[in-house]
1. Past 29 Å, Cα to Cα: identify those pairs from A:LYS52/B:LYS121; B:LYS121/B:LYS247; C:LYS288/C:LYS350; B:LYS95/B:LYS121; C:LYS110/C:LYS169, in the order given.
2. About the Cα centre, and with charges only on the beta carbon of Lys, Arg (+1) and Asp, Glu (-1), how big is the dipole of the stretch A:62-201? Nearest 20 debye, please.
3. Which residue, B:LEU181, B:LEU99, B:LEU16, has the most motion in a Gaussian network model of chain B that connects Cα atoms within less than 10 Å?
4. Give the Debye-formula value of log10 I(q)/I(0) at each listed q (0.10, 0.13 Å⁻¹), with one equal scatterer per alpha carbon of the stretch A:10-269, two decimals each.
5. For the stretch C:158-239, what size does the Cα cloud have along each of its three principal axes, sorted from largest down, in whole Å?
6. Can you list residues whose amide H is under 5 Å from C:GLY32's amide H, if they're 5+ apart or on another chain and H is modeled 1.01 Å from N?
7. For C:VAL292, what accessible surface area do you get with a 1.4 Å probe? Give it in Å², rounded to 10.
8. Which positions within the stretch B:54-82 get 20 Å² or more of their accessible surface covered by the other protein chains, compared to the chain by itself, with a 1.4 angstrom probe?
Amino acid sequence: MKNSPSFFKPDGLLVYAVLYLTFIYLPVLFLPLFSFNDSTYITFPLKDFTLKWYDKMINSPDMHEALFNSIKVGLTVAILSTILGLLAAKAVTRYRLRGRGPLVSFIMIPLVIPEIILAISLLILISQAEIPLSLWTVGFSHLLLCIPFSMLILISRMEGFDRSLEEAAMDLGENAWMTFWRVTFPIVLPGIVASLLLTFTISFDEFVLAFFLSSTDPTLPIYIWSSLRFPTKIPAILALGASIFIISFFVVSFSEWVRRRGVKLEPTSRI
Amino acid sequence: MKSESLRGYSLLSPTLLAMVLGLAMPLVVLITLSFWIQDYLDFIRTFSLKNYTDFFQKPIYIKILFKSIRMSGLVTIATVLLAYPMAYFIAFRVKHNKLVWLILITVPFWTSYLLRVFAWKIMLGYNGVINSGLLSLGILSEPLEFLLYNPTSVVITLAHAWAAFAILPIYVSLEKIDRSLLEASRDLGENVFMTFMRVTLPLSLPGVIAASLLVFIPTVGDYVTPALVGGPRGIMIGNIIQSMFGKALNWPLGAAISVMSMITVTLMVCLFIWGTHNFRKRVA
Amino acid sequence: MSQDPIISFQNVSKSFGEVKAVDGANFEINRGEFFALLGPSGCGKTTLLRMVAGFETPNSGEVYIDGQPMSATPPNHRPVNMVFQNYAIFPHMDVRGNIAFGMRKSGLSKSELDKRIDETLELIKLQGYGKRGADELSGGQRQRVALARALIKHPKVLLLDEPLGALDKKLREQMQIELRQLQQQVGITFLFVTHDQEEALTLSDRIAVMTEGHVKEIASPAQLYENPKSRFVADFIGSMNFFQGEVIDLNNKQLSISTDVLGEISVPASDSDYASKSPVWVAIRPEKLQPVFSAPDDSSNVIEGEIGPSAYLGDRSHFYVHIEKREEPVLVALQNLERSSDLHRNPFQKVWLKWSNASLVVLPRN
């Protein structure tokens, strides 16, 4: 007992870090917990273990439709915003542009505007232009929200790598397109993957814009929102939340694994 | 040279086009609408200040706007203060596996935002985790009612929901600090605490500012959290705006409230940046 | 000198906004030469090199490579290749991938290309390193890969931007010798940029000394060192003591000059002629002043002084000598031929400096 202080050095910061992690994990961990609880009511004490909520989730066509809508919108938004972000990042980092500062600030505005204001102003414009609400209007609003994120990620990736690498490729005989394809793209690739993942996640989880700008086709957050009002539907929603969590965990782990393998595999002397 | 910058602009133009269509034009329309008047299902399209006089004459709007700002301010302070030591820990204490810690922090945010907010309903509700826990331990004989549906529950929930947004920018700014600057400060006679105050803190201030804005601005307009855990006493300006576009059906007034909220938030942000700028000067 | 230019600059100028980076460059580089652009940072040497590579376009004038005007040719179509300052090794490829990068359109079969890569690896002494990743290479190895990647393309000119700047001193000296050998082995024209005068002297056949966008002088290392044509060049390359003087007379190919401290001197007239009374600098290198520590019998070509601060550099010692009527001390370099070198380093000790008139350099002063 006397010796223990030399083994265990109390580190205030480490203790704090553990407490902090507890704070951010604890509430979230109750979601999967109650998804296995054999009761409609989200209260303690816990009842028996059950998988029926997962069964209910699997057999809910409404939920599947919403999920499918969200994936459709998310994929489209992720790809478009990453392409636009890549072009814009290249413009900003590789060319001397007049008014670069104000232009970039303008593109970043969606980051510093409350989402609800973005949502209602788009709603007003769309209704005044008499465009029908649909998943397209939701997707467009998500695109606005995601472009700044894509651009920030890709700008930092582009700035991080040495411009003389591109010059070296030109010097060794490649034209602008092949230089992009053989040098810029592979080096920026981790940034592209990060941008795709982040923007998909943002769109997939976005509620306020979708709430104002969708019509009869719900996205997943809209479906969750409307289900939260019905206590009987909640356990199945928790099961869905837990499933999304597990799937995204595997997706992120897999993409990290691919990225690391990719770095190792690529440097073969393939031409 | 000319053709080169032309290529730059043409690369930028699709993004700019999207932003003009989806950002600049809607904001112009929003401002225009705020000067119109609702007439059942249609608008009276003549210039009028009625919505703005309504906004200033009925105290409820200004009261809720300032309440929202106060609550978001509290959320921001709490989130940043809680996040700073954590970011500091990862940046300076964790030697290997920094990425693991960063992932560990973002993992809870991989579930739906709505469900994260809902989780606090489970925590704080009448039959929730805290109440049933305290009851079964015999500390309480009856569940506490004041835990949920008030401004405090909104602040706690938001502080939890936005934690990662505060940690990441602060971590980045701490990580960028050249370690030899800290050694130089020690070498010049400052102790650990004063080194932190005179070197680490001022240099990480950009991260703190970014974190504050990243939390403050979206939470002022948040609609989900007050609706789920706020109850009548916890409503915020976002709920008022939403109701104008929903049940209350008064789009122009909703637009005017939005415009006023935007102006107020912008002023607060400018004030904040000006304040931190002065603070930074004083420390330097 | 053979008149076979591989690169020719004709009135080449380039400005960035208000700044004139290169102002009217007008000279030629011969086939097979090892040519250096030498100057302080910001003198325009890198801009000139990048105009040859094609990364900058001249505002006026024209760069010719092997007789062809280049202003309409993009970098990827120019018959030159470059070793970048930081080597620009592609981080996502291994050594072989980097070396093969520019050979995509070479039309070689896989086995022919492999053979070429092996030969090149041998040339730069990196056999067995082909599968190394870019991040597994030392500074010297990165430089070799950058060299190999450019040389495998058989460029007409190899451009090198501060090629040894990132290496430590020992390695730099070793690479200087290797670069020189390599250049003779492959017979390609090397054009390189450096701010290090010692590096330029060691490596080059000819050096162009630049300052503020202008080429001040182009000559061989020995010419630049022994017979510089301007005070800037004399001062930039090595160390030099300058004395104010005025031409008295020119006769029998002998120039008589009166100087502030050296007295009246007479030197062989060079090709540039000076009018009587024109102001000149009379300059002498520190190692060409011979110190003696007792009053010499012959008092001609001798000045008397007192030893000031000194520095021991191992193979030689530098010391400053204060001379009456002259504010700036004179720098003297002395070979440390004997083991004990303390003798002549006592401060305030009297010293007499001897010189030979043939060592003096006369430069215009205005």
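The values are calculated or read from the model by the stated rules, or taken from the named source; none is laboratory data. Quick caveat: nothing in here was measured; it's all calculated off a predicted structure. For neighbour counting, all protein chains shown are included, and Cβ atoms are generated from backbone atoms with ideal geometry for every residue, glycine included. Side chains are part of the model used for accessible areas, which takes the heavy atoms of the whole protein and leaves out ligands, DNA and RNA. Shrake-Rupley method; radii C 1.70, N 1.55, O 1.52, S 1.80 Å.
1. B:LYS95/B:LYS121; C:LYS110/C:LYS169
2. It comes to approximately 380 debye.
3. Between B:LEU181, B:LEU99, B:LEU16, it is B:LEU16 that shows the largest mean-square fluctuation.
4. -0.69, -1.03
5. Extents along the principal axes, in whole Å: 34, 27, 24.
6. Under 5 Å from the amide H of C:GLY32 lie the amide H atoms of C:THR189, each far enough along the sequence or on another chain.
7. About 40 Å², ignoring ligands and nucleic acids.
8. Going by heavy-atom accessible area, the residues of the stretch B:54-82 that drop by at least 20 Å² are B:LEU82.
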